[in-house]
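Below: the structure, in structure tokens.
We did not get these values from a lab; they are worked out from the coordinates using the rules stated. As the structure is a computational prediction, the values presented were derived from the model and not from experiment. Ideal geometry is used to build each Cβ from the backbone, glycine not excepted, and the neighbour counts take in all protein chains shown.
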Amino acid sequence: MSKVGKVYLVGAGPGDPGLFTLKGKALLERAQVLVYDYLANPELLKFCSSDCELIFVGKKGGDHTLPQEEINKLLVSKAKEGKLVVRLKGGDPFLFGRGGEEIEELIKEDIPFEVVPGITSAIAVPAYAGIPVTHRNYTSTLAIITGHEAEDKEESRVNFSALSKIGTLVFLMGVKNLPSIVDNLLKEGKSPDTPCAVIQWGTTPLQKTVKGTLQEIVSKVKEAGIKAPAIIIVGEVVNLRDKFNWFERKPLFGKTILITRTREQASKLREGLLELGAKVIEMPTIEVKPLWNSTYEVTLKNLKRYHWLVFTSENGVKYFFEALFKFNLDVRALGNVSIAVIGPATEKALLERGIKPDLIPKEEFTQEGLAKAFQDFDLRDKRVLLVRALVAREVLPQALKAKGAEVEILPIYETVLPQTSSELLKKAFSSAIDIITFTSSSTVENFFKLLEIEGLTLPKDVVLASIGPITSQTLMNFGYKPQIEAKVFTIPGLIDAIREFYFRSV
């Protein structure tokens, strides 16, 4: 008989992937089967291994992908295959999440299980809307109520008479039944002037909050077009939103930004924009592939013959050292060669490998800037190995040759168009995009190549953001002048430029 696996019921939290627990992340990384809901942020799926079986069982607006009874059987059957199964549920597994029903089925079948709680939207969503659910000067009582009871119940079990006496009420999954909830509270004596808020897609960049009194909230929600998923909060603490609202006041809140950087290198840009409140869509337009072959071995085994080793990108650093190790070499192969880098990101990649560069431009992190940095060095008859992409501008090698250097180019990688780019572009363009970022000429060229392939045009009024003048020039070659250009040609510099542009625009 095969060994029985184990099921972990894991709370996915309220929506913001940053609110997911460390234990939950560790389990996703180990999971062999993931059974997940509609409200579990898709970003969490990135923690799973490539061979993890992903099974979507969510429901939206009453439309069940899989009935609860079938979900119970699915968990049992996958565990009986000896698998480590993670059941990822929006919010917390036990707070109106039917986690108890799933556990009862697991117990019946002698399936081992554990529960990993999640941050509930009942507390997190109001917090992101600037509403503390309790406050000593307002109330110390709180009730969390389901706004959507089981469909087979003949009458509500919710005691509205008792609820009307509690300071703060939080209704989950209740936006559809908002008129009934309001009527019942008013009928039981709740003041029609009681502050009330309804929050849609809380803790995400799509968050939308409507505030009003109990007697006017239904019409305000209808006017604003608020739909599920949303929560309702009733009580005097709602008035604190005017002072405490922090999330929706972030500089880029409400902005949708498309980033075209490689997936591996997009994290810093993505995280920086998310921190400023933006909704970020990733659509890599370049994929970086190593180019080393057996002929490179001769060059790498004779690095001591060079006076300078020059890196023009962090990718160059990455694949150069991978090539060293591939040919059974390490940093000792560098000997006494001096090293120059084009900017801070490339410098950081080198420092992470225990090497401090000898030369870096002070301000302009471009080929032109690095060429200027070499002005005070005598390069006559000096051998320079330039590590770069297969296709690149010739500004730097020409400048070094003009100073008398013997320049040899080692094309360590190439950039190609990812196979998935077309589908990602069409999906991205189905959303309203405010800003598109470009971090290199390659991202520009491949982006417009994709537009031509798919027969698409740039969205009207979209803002183009460039990391620096070289990338901007490439955009202008395609007939578009970017509205945003970083003053410092780095990812942090690009993020700062986008933020400054927003402040100038409001």
For LYS83, which aspartates and glutamates qualify as cross-link partners when the Cα separation must be under 13 Å and same-chain residues fewer than eight apart are set aside? ASP51, GLU53
Quick one: of LYS211/LYS279; LYS23/LYS427; LYS25/LYS208; LYS23/LYS255; LYS326/LYS382; LYS348/LYS487, which pairs are farther than 25 Å apart, Cα to Cα? LYS23/LYS427; LYS25/LYS208; LYS23/LYS255; LYS326/LYS382
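Using a Förster distance of 51 angstrom, determine the FRET efficiency expected from the C-beta separation of ASP110 and LEU456, and round it to 0.05. Before the final figure, lay out each step's value.
Working: r = 55 Å, r/R0 = 1.08.
FRET efficiency, ASP110 to LEU456: 0.40.
At a 10 Å Cβ-Cβ cut-off, how would you order THR443, THR139, THR346, fewest neighbours first?
Details: THR443 26, THR139 16, THR346 23.
By the 10 Å Cβ count, ascending, the order reads THR139, THR346, THR443.
Rounded, prolate or oblate: pick one for the stretch 395-506, where a ≥ b ≥ c are the square roots of the eigenvalues of its C-alpha gyration tensor, a/c under 1.5 means rounded, and failing that, prolate if a/b is larger than b/c, else oblate. Let's see the in-between values first.
Values: a/c = 2.49, a/b = 1.41, b/c = 1.76.
Since a/c reaches 1.5 but b/c is at least a/b, the shape of the stretch 395-506 is classed as oblate.
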About the Cα centre of the chain, what is the dipole size in debye to 20, counting +1 per Lys and Arg Cβ and -1 per Asp and Glu Cβ, all else neutral? 920 debye
CD proxy at 222 nm, helix term only [per DSSP H run n ≥ 4: -39500 (n - 2.57); per residue of the chain; nearest 500]: -9500 deg cm²/dmol
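Counting other C-beta atoms within 10 Å, which of LEU350, LEU142, LEU9 has the fewest, and how do the rest follow?
Ranked by crowding around the Cβ, least crowded first: LEU142, LEU350, LEU9.
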Mean projected area, convex hull of alpha-carbon positions in the stretch 288-415, reported to one decimal in nm², is 7.0 nm²
Taking a ≥ b ≥ c as the square roots of the eigenvalues of the Cα gyration tensor, with a/c under 1.5 meaning rounded and otherwise prolate when a/b exceeds b/c and oblate if not, the chain is prolate
Cysteines without a disulfide-compatible partner in the chain, using Cβ under 4.7 Å as the rule? CYS196
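Among LYS80, LYS487, LYS356, LYS255, which comes first, second and so on when ranked by fewest other beta-carbon atoms within 10 Å?
Details: LYS80 16, LYS487 12, LYS356 9, LYS255 21.
The most exposed by this proxy come first: LYS356, LYS487, LYS80, LYS255.
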Considering only C-alpha atoms, what is the centroid distance from the stretch 379-450 to the stretch 198-226, in Å? 46 Å
Mind running the shape call on the stretch 123-248? Use the C-alpha gyration tensor, a ≥ b ≥ c as the square roots of the eigenvalues: rounded below 1.5 for a/c, prolate if a/b tops b/c, oblate otherwise. oblate
With a cap of 15 neighbouring Cβ atoms within 10 Å, and only residues DSSP puts in a loop, list the chymotrypsin sites (Phe, Trp or Tyr not before Pro) found in the stretch 151-213. none
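Where both residues lie in the chain, what percent of DSSP beta bridges are antiparallel, nearest 5? Each step should come with its number before you reach the end.
Details: 23 of 75 bridges.
Bridges in the chain are about 30 percent antiparallel.
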